[in-house]
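Remarks on the structure that follows.
The values are calculated or read from the model by the stated rules, or taken from the named source; none is laboratory data. The structure presented is a predicted model; accordingly, all values stated were derived computationally and were not measured. Note: ideal-geometry Cβ built from the backbone for every residue, glycine included; neighbour counts use all protein chains shown. To get the accessible areas, we keep the full protein, side chains included, count just its heavy atoms, and leave off ligands, DNA and RNA. Shrake-Rupley method; radii C 1.70, N 1.55, O 1.52, S 1.80 Å.
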Amino acid sequence: MDDLLADFIAETREMLEASGGEIVAWEADPDDRTRIDAIFRFVHTVKGNCGFFDFPRLARLSHAAEDALADCRAGRREPDQRLVTAVLAIIDRIAQMIDAIEAGEDFPEGGDEALIDAVNGPGEATADAAPGAADAGADPLLHAPASALLERADDFISPAVRRADAAGQRTIRLPVELLDRVMSGVSDMVLARNDLAHRLRQAGNQPTIDGPFERLTAILSDVRDAITRMRMQRIETLLSVLPRLVRDLSADLGKQVMVDCDGGDVELDREMIETIRDPLTHLIRNAIDHGIEPPSARLAGGKREIGLIAIAARQSGNTIGIVISDDGRGLDEERIAAKAIANGLISAAERAAMSRDKILNLIFEPGLSTAETVSNVSGRGVGLDVVRQNLEKVGGSIKVSSQPGEGTHFTMQIPLTLSIIAGLTVEVGGQRFAIPQGYVEEIVQATAGALDFTRMGETALVTFRGNRIPCLMLDEVLGLEHPDITARDFTLVLLRLASGDLFALAVDHIHSHGDLVVKPLAPAVMKSGLYAGSTLLDDGQPVLLLDVTNIAAHHDLVSDGRARVLQPPEEDTAAATAAAARAMLFTDFAGRRSAVRLELVQRIETTPTAAIDRSGARARVVIDGLILPLVGLPDAPLDRDKLRLLRLSDGTCELLHAVREVKDAILLTEALTPVPEDPLVEALTLVDGEPVALIDAHELFARHGKPPEAAPGMRPRCTLPDSEWARTILAPLVISAGYEVVPAGMARPGDLEIMFEDMFEVAEALGRPPAGPVIRLRDHPDDSQGGSATIYRYDREALFAALTAVRHARVAGGPRA
Amino acid sequence: MSELLVIIQIAGRRCALGAHDVKSVIELGSITPVPRTPDFVAGITALRSQSLTVIDCRSALGFDTAQWPTDDRAAVVACGGHSYALMVDGIEDITTAAGVPGQIPGGFGPEWSRIATGMIETMTGPALLIDLAALIAGPESPRGDIEVAA
């Protein structure tokens, strides 16, 4: 109601301003018919509007003025100065009342009657009174009270207050074009800011610039919000008129229709609302005229007498989807097809090959109206082809689906062009693309095996949280070069469409997410149906925004009431996984097809050959900063730069297995035949009819496994004698035995201490023997002291044994505080 | 008739664009290719904060691109509310028209007739006046909307 009132006030004010000139002109020439008409229209509108709002005083005033002016228009009364003055006094009064209404104050009582009498009463006397006398008599009489009233009004509402209130509510009308220019200017500012931010990051921290730049960013985002809001309007304004429209139409057609609107709080660009107003109205007309059956037919068909039209608006990402559905008779496939053939739109042969969906969507082709009779409601030459054209003009689309006897759904998709949306940048095939954040449900990074990647015919499926979800390879969708999907790590972007359907999009990398300024694309590019717009990244590189809905639709991933996600049959999969273990199939460097149980595979690593060290008896490789054992290398030198490795783990130990090629994750369904002669092979089995050697993990880890190094803090600590020899020669040996060497000053009680015999003796003599375990060293190979407690300092074996013994004693003694 | 014209070379032929259609001439930087679009859409590129659709005029006419090398300068034009960068063999000069576009006996050949308004005499010799909209529409006029919509 408040909105309506504000509208009323704004409208009245606007008319007052516009008619100001008319009133002046009328005063100069009371006989000017066009002026009378203009003023008549004004008071008439005010009268009509006030009846709506229950402003009886305003209504009475405008009614009186309207009557007087109507008499003039009909020639029953000659307009004269007296009448002009009286009407002007009323108009002034209306203006004051409007101010009072806007300020929410009561307008002082009284004074209205005098004005009304002035318009009516003296007018009847004009016939006998001479114009001059009327002037002389009436002017002082009428003008005095009018101006007195004005003054009185001003006393009650001080001018300052009134002006301030009026200014607070003031609205102006602007051409949308101007808004567009401001909007695109702000968009450009955002881009310039991003560019600047990029350069500032490159230049490093500069406190003197960073502060003001932060402020600029904050201001800009404020301005951007305001501008965006400036253009946005709730779709409610569009939907709120529909119940009335439906009521009138259904009454005209003798049908009973209820309308249900949902999603009125979705905001849409003002201009976009104007663009879809006509298409929406048209579709509703159609639904009532052609879709909903007459009550009797509905009852006969077992439906409720009252038809239902549901309109739902949903925003997802940078599109708004509006679904208009009715529960009427549905579209007649045969009739549409017949008409299309008759019009030469399709041939009979083509028709036979077309699906119901495609035929139904022919109704958007020019020259196809199936209505047999042209009623006054629809079928006025504005067909659905125009609806589609209008929507396509703004980059939107429309689709129809229908079940005979159950109803029809029209789905409009309208883009929010020239808007700023949150988006995710992904990379595939070396090129970057953006995805509207609104669609993104989740991002998953995993191996093909972990997601149970399978191909059903041409369609790929992944299993995620127990659901089988269709998976599109973005590189395939875009027709880019792509490597074998099973041989690489996935990054999946799970996308949820407006219809609720979920699908996965496989990409190479995720880059970043942020606000993207979406710019429209040229028609030649739009035609591909893959892109919704373009946007510039921080570094000024243009990227394409993917049209997720359309891509999904092209791949038939959008369901209309179809089951949302394919649930894998629970018991079947459970049984299958229980019966068959899974394994990773690969070819090793000997060319043998091998497999390793999937549970062991941590990851598939790709590593440069330079990271491999083959100098020792066993090859090692550096992965993630760890030196890990590597098996499966060929004897010959490697001829490639990069190597694929399976990272295997038994829970504590890790090792890597070099492979020539990773094939796939497989189910071990066939019988396993043990191979006793090769300890490294657990069994042979068949996969697709070919033998595959299943690697014996137990043997593999027993031979090559290396527990990961304990973290530095967890290792036993040891202090060494303070000498060059100890630091350079002894320390490496102690460290390789698993100790952490600490300076003498940092030693904690209980740490191992290695000291020379003479030092030990001194300490003992002073009565301060070391508190923890001690290894005593002597300088001579011969045990001159005769005791066995010392170790010759180059006796590696004995030293190692002693170090190990101390460590084991420590472990056995339990962790120390 | 003193309309200003920008003389360009497309596939070895001398062509003219109305100077008021040409907003600027830019050095083509990196072009982001647009997968699954017709060949004549070379990609998109950025001009300040604007993105331009780069049209390869040689393919837009239906000629083999290998035969004619292109300049790294492109003419920026606006058509139907969108901005395009036209990849051409070269941008020659700005000149004044010395007549109205006219037809010649025998026509210009099927590829050229589609995009040509006519031959126009200029101060620096005759040139083929290009119909921008037709050029940008590409070699195959849109048909088969049914398939797209269905």
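Could you list, in sequence order, the residues of region A:246-260 that are within 13 Å of A:His290 (Cα to Cα) and in a strand (DSSP E or B)?
A:Val257
Within the group A:Arg82, A:Arg93, which residue is at pLDDT 75 or above and open to solvent by 10 Å² or more (accessible area, probe 1.4 Å)?
Details: A:Arg93 fails: open to solvent by 10 Å² or more (accessible area, probe 1.4 Å).
Within the list A:Arg82, A:Arg93, the selection yields A:Arg82.
Pick out the one residue from A:Ser296, A:Ser240 that is of a type outside the set (Phe, Trp, Tyr), out of contact with any Gly (no Cβ under 7 Å at 6 or more places or on another chain) and either free of Cβ contacts under 8 Å to residues at least 12 places away in the same chain or outside the structural domain of A:Ile398 (by TED's automatic domain parsing) (or both).
So the residue among A:Ser296, A:Ser240 that is of a type outside the set (Phe, Trp, Tyr), out of contact with any Gly (no Cβ under 7 Å at 6 or more places or on another chain) and either free of Cβ contacts under 8 Å to residues at least 12 places away in the same chain or outside the structural domain of A:Ile398 (by TED's automatic domain parsing) (or both) is A:Ser296.
Which is farther than 30 Å from A:Leu598 by Cα and either at pLDDT 75 or above or of a type in the set (S, T, N, Q) (or both), of A:Arg715, A:Arg703, A:Arg748, A:Arg727?
Being farther than 30 Å from A:Leu598 by Cα and either at pLDDT 75 or above or of a type in the set (S, T, N, Q) (or both) holds for just one of A:Arg715, A:Arg703, A:Arg748, A:Arg727, which is A:Arg727.
Considering only region B:45-99, state which residues are open to solvent by 30 Å² or more (accessible area, probe 1.4 Å), in a strand (DSSP E or B) and of a type in the set (Gly, Ala, Ser).
B:Ala46, B:Ala78 - these are the residues of region B:45-99 that are open to solvent by 30 Å² or more (accessible area, probe 1.4 Å), in a strand (DSSP E or B) and of a type in the set (Gly, Ala, Ser).
Filter region A:255-281 for residues that are more than 21 Å from A:Thr319 (Cα to Cα) and crowded, with 18+ Cβ neighbours inside 10 Å and give the result.
Quick first cut of region A:255-281, residues more than 21 Å from A:Thr319 (Cα to Cα) only: A:255-260.
Answer for region A:255-281, where residues must be more than 21 Å from A:Thr319 (Cα to Cα) and crowded, with 18+ Cβ neighbours inside 10 Å: A:Lys255, A:Val257, A:Val259.
Of everything in region A:297-335, what is surrounded by fewer than 20 Cβ atoms within 10 Å (Cβ to Cβ) and either in a helix (DSSP H, G or I) or within 14 Å of chain B (Cβ to nearest Cβ) (or both)? Give them in sequence order.
Once the filter is applied, which keeps residues that are surrounded by fewer than 20 Cβ atoms within 10 Å (Cβ to Cβ) and either in a helix (DSSP H, G or I) or within 14 Å of chain B (Cβ to nearest Cβ) (or both), region A:297-335 yields A:Ala297, A:Leu299, A:Ala300, A:Glu333, A:Glu334, A:Arg335.
So that you can scan it fast, the table gives a plain yes or no per residue for (1) open to solvent by less than 20 Å² (accessible area, probe 1.4 Å); (2) modelled with pLDDT of 80 or more; (3) in contact with a strand residue (DSSP E or B) (Cβ under 9 Å, 6 or more places away or on another chain):
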residue: A:Gly438; (1), (2), (3): no, no, yes
residue: A:Ala448; (1), (2), (3): yes, no, yes
residue: A:Glu458; (1), (2), (3): no, no, no
residue: A:Thr463; (1), (2), (3): no, yes, yes
residue: A:Pro470; (1), (2), (3): no, yes, yes
residue: A:Gly479; (1), (2), (3): no, yes, no
residue: A:Val507; (1), (2), (3): yes, yes, yes
residue: A:Val518; (1), (2), (3): yes, no, yes
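What strands (runs of 3 or more DSSP E), lying completely within region A:658-702, carry at least 2 residues that are under 42 Å from the mean Cα position of the chain (by Cα) and crowded, with 18+ Cβ neighbours inside 10 Å?
Correct list: A:661-668.
Only one of these is within 21 Å of A:Gly396 (Cα to Cα) and in a helix (DSSP H, G or I): A:Pro279, A:Pro243. Name it.
A:Pro279
Among the residues of region A:603-644 satisfying the criterion of being aliphatic (A, V, I, L, M), assigned to a strand (DSSP E or B) and touching a Lys or Arg at 6+ places or on another chain (Cβ under 9 Å), which is nearest to A:Gln445 (Cα to Cα)? Can you show your working first?
Applying the first criterion (aliphatic (A, V, I, L, M)) to region A:603-644 yields A:604, A:610-612, A:617, A:619, A:621-623, A:626-628, A:630-631, A:633, A:636, A:638, A:643.
If we keep only those that are assigned to a strand (DSSP E or B) too, we end up with A:604, A:612, A:621-623, A:626-628, A:630-631, A:643.
After this cut, where a residue has to be touching a Lys or Arg at 6+ places or on another chain (Cβ under 9 Å) as well, the list is A:604, A:612, A:623, A:627-628, A:630-631.
On the way: A:Ile604: 13, A:Ile612: 26, A:Ile623: 19, A:Ile627: 25, A:Leu628: 24, A:Leu630: 25, A:Val631: 27 Å.
Looking at the filtered set, the residue picked out is A:Ile604.
Go through region B:19-37 and report how many residues are under 24 Å from B:Leu129 (Cα atoms) and within 13 Å of chain A (Cβ to nearest Cβ).
Adding up the residues that qualify gives 1.
Can you say whether A:Asp289 is at pLDDT below 80, on the phi < 0 side of the Ramachandran plot, charged (D, E, K, R) and open to solvent by less than 40 Å² (accessible area, probe 1.4 Å), as far as the supplied structure shows?
No: the conditions fail for A:Asp289.
Does any residue in region A:499-514 that is under 18 Å from A:Leu461 (Cα atoms) come within less than 8 Å, Cβ to Cβ, of a residue that is modelled with pLDDT under 85 and aromatic (Phe, Trp, Tyr) six or more places away or on a different chain, and which pairs are these?
A:Ala504/A:Phe464; A:Ala506/A:Phe490
Filter region B:62-80 down to residues that are aliphatic (A, V, I, L, M) and within 14 Å of chain A (Cβ to nearest Cβ) and give me whichever is nearest to B:Glu27 (Cα to Cα).
B:Val76
Can we say A:Ile346 is within 14 Å of chain B (Cβ to nearest Cβ), over 17 Å from A:Ile398 (Cα atoms) and either not hydrophobic (A, V, I, L, M, F, W, C) or not in a helix (DSSP H, G or I) (or both)?
In short, yes.
Can you list residue pairs whose Cβ atoms sit under 8 Å apart, with the first residue in region A:199-211 being closer than 22 Å to A:Gln541 by Cβ and the second being of a type in the set (D, E, K, R)? Count only pairs 6 or more apart in sequence or on different chains.
Short answer, once both residue conditions are applied: A:Leu200/A:Asp210.
Do we find that A:Leu245 is in the same structural domain as A:Ala312 (by TED's automatic domain parsing), on the phi < 0 side of the Ramachandran plot, over 24 Å from the mean Cα position of the chain (by Cα) and open to solvent by less than 80 Å² (accessible area, probe 1.4 Å) in this structure?
Spelling it out, A:Leu245 is indeed in the same structural domain as A:Ala312 (by TED's automatic domain parsing), on the phi < 0 side of the Ramachandran plot, over 24 Å from the mean Cα position of the chain (by Cα) and open to solvent by less than 80 Å² (accessible area, probe 1.4 Å).
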